[in-house]
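The values are calculated or read from the model by the stated rules, or taken from the named source; none is laboratory data. Not measured: the values here are computed from a predicted model. Virtual Cβ from ideal backbone geometry, glycine too; neighbours counted across all protein chains shown. To get the accessible areas, we keep the full protein, side chains included, count just its heavy atoms, and leave off ligands, DNA and RNA. Shrake-Rupley method; radii C 1.70, N 1.55, O 1.52, S 1.80 Å.
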Amino acid sequence: MKVLIFDLDGVIVDTAKYHYLAWRDLANDLGFDFTEKQNELLKGVSRVRSLEILLNIGKIELSDKKKEELLVVKNVEYLEYVNKMTSEEILPGIEELLNFLEKEKIPFALGSASKNAPLILKKVKLYDKFAAIVDGNDVSKAKPNPEVFLIAAKKLNTNPKDCIVIEDALAGIQAANNAGMTSVAIGDKELLHEADHNLSNTNELSIDFIKKMID
Ligand code: B16
Ligand code: MG
């Protein structure tokens with residue numbers, strides 16, 4: 001039986017915009033600018049690695065202690081946005097798809113780099129739908145390492161080859177491919193050309209598309 005593993009940010013909800021606002025404020029406080037284009041580099045990347053990339057852009061070197069402090073500052077601001085989230089922010093077509101999977105008894109899990117994933121799912125009222133949730137708190141190796149998706153497969157009692165991963169980040173597509181799973185990319189087809197299937201946005205992640213994938 002085929003199962004689905006969903007990434008969170010960029011697939012279920014668009015929290016990338018909140019990550020961006022919090023990272024940009026941090027960059028501005030450190031005295032440099034951070035553009036939306038540069039923010040693309042942080043998609044699917046862990047919080048710690050995101051700070052490293054940001055500091056590289058600003059050409060700033062800091063002590064480990066200072067970096068720890070900044071990670072907290074960034075997350076506190078990010079959580080202010082998250083705490084205001086509602087179900088309205090679920091990306092188009094996702095709720096219908098999850099309802100269909102539930103009805104058909106097709107198991108699905110979350111495989112996200114975010115340590116805030118459980119909170120976000122609770123805010124948008126999807127937490128109880130997932131058979132398993134694997135997030136940034138459960139993994140020691142970040143995407144493109146397949147760890148997050150392999151743990152999810154284990155929790156669903158399924159072989160990797162029967163897992164279909166829905167992802168919006170290059171590191172996530174590579175993680176799915178490295179796990180030996182089928183990868184479906186949402187977003188820029190050129191950037192995400194390593195995926196087995198490419199869709200432009202979540203509207204294209206239709207019930208018909210999924211039916212063909214699981215048959
Ligand atoms: P947090 P995903 C990822 O979520 C985001 O895409 C990435 O931008 C973020 O840095 C990462 O989660 C860590 O998030 O700071 O909340 O632990 O796309 O893997 O669902
Ligand atoms: Mg993502």
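Results, tabulated for the structure shown:
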quantity	calculated
Rounded tilt (10° steps) of 64-82 against the dominant C-alpha axis of the chain	60 degrees
Length-normalised contact order of region 16-82 in % [C-alpha pairs under 8 Å, at least 6 apart]	45 percent
Binned Cα-Cα distance frequencies in region 88-135 - 10 Å width, integer %	25, 58, 17
66, 59, 155, reordered so the largest accessible area comes first (probe 1.4 Å)	59, 155, 66
Sulfur and carbon atoms: percent of accessible area, the chain [1.4 Å]	49 percent
Inter-probe distance in nm under a simple model that places probes 7 Å from Cα toward Cβ, at residue 200 and residue 105	3.8 nm
Entries of 74/154; 43/129; 115/211; 43/122 with Cα pairs more than 27 Å apart	74/154; 115/211
Crossing angle, helix 47-57 versus the chain [Cα axis fit, 0-90 degrees, rounded to tens]	50 degrees
The chain, relative contact order in percent, only Cα pairs under 8 angstrom and at least six apart counted	25 percent
Å² of accessible area per residue within region 16-82, as computed with a 1.4 Å probe and no ligands counted	58 Å²
Kirkwood-Stokes translational diffusion coefficient of region 16-82, alpha-carbon pairs, 37 °C, 0.692 mPa s, µm²/s	279 µm²/s
For region 95-191: accessible area per residue (Å², 1.4 Å)	44 Å²
Hypothetical label at residue 2: residues of region 198-215 whose amide nitrogen lies under 14 Å (7 Å Cα-Cβ projection)	198, 205-215
Residues of type lysines that residue 67 reaches as a straight line, Cα spacing below 17 Å, ignoring anything fewer than 8 places off in the same chain	59
Translational diffusion of the chain, µm² s⁻¹ [Kirkwood Rh, Cα pairs; Stokes-Einstein; 4 °C; 1.567 mPa s]	74 µm²/s
